[in-house]
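Every number here is computed from the coordinates shown, using simple stated rules; none is lab data. Here the structure is a predicted model, which means the values were calculated and not measured. All Cβ positions, even for glycine, are placed from backbone atoms using ideal geometry, and neighbour counts span all protein chains on display.
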Amino acid sequence: MKTITCRQTGGPCDMAFTGSTPKSVMDQGAQHVMASTDPDHMKVAEQMKTMSPEDNSKWNQMFEDVWEKTADNV
């Protein structure tokens, strides 16, 4: 299990997401951003919706790097 924050993945807050796979944490983060109604999260949500396939690949690689560098929860 690892815990990664919204901010660590380019978001505007320190909400933490915990999961045993990168996908589970990614899904939690995406749901969080899409459900948030504050302007900072709404801006990120819009960027997510309009991301090109190339930018999406770059973001996924960044997330994988963060996942690999994050220590397992104790």
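Would you mind calculating the relative contact order of the chain from Cα pairs under 8 angstrom and at least 6 residues apart, reporting the percent as a whole number?
On the way: 69 pairs, mean separation 26.7, N = 74.
Taking the mean separation of contacting Cα pairs over the length of the chain, I get 36 percent.
Among residues other than residue 2 whose Cβ falls under 11 Å from its Cβ, what is the net charge (Lys/Arg +1, Asp/Glu -1)? Show your work: numbers first, answer last.
On the way: positive: 69; negative: 68, 72.
Surrounding charge for residue 2 is -1.
Under unit Cβ charges (Lys, Arg +1; Asp, Glu -1), what dipole magnitude, rounded to 20 debye, does the range 1-68 have relative to its Cα centre? Walk me through the numbers before you get to the answer.
On the way: 6 positive and 10 negative charges, 23 e Å.
Roughly 120 debye, rounded to the nearest 20.
Would you tally the net charge around residue 19, using a Cβ to Cβ cut-off of less than 13 Å, leaving residue 19 out, and scoring K and R as +1, D and E as -1?
Local net charge: 0.
Hey, rough spin-label estimate for residue 68 and residue 1, points 7 angstrom out along Cα→Cβ, what's it come to in nanometres?
2.5 nm
For the range 6-74, build the convex hull from the C-alpha positions and give me its volume per residue in Å³.
79 Å³
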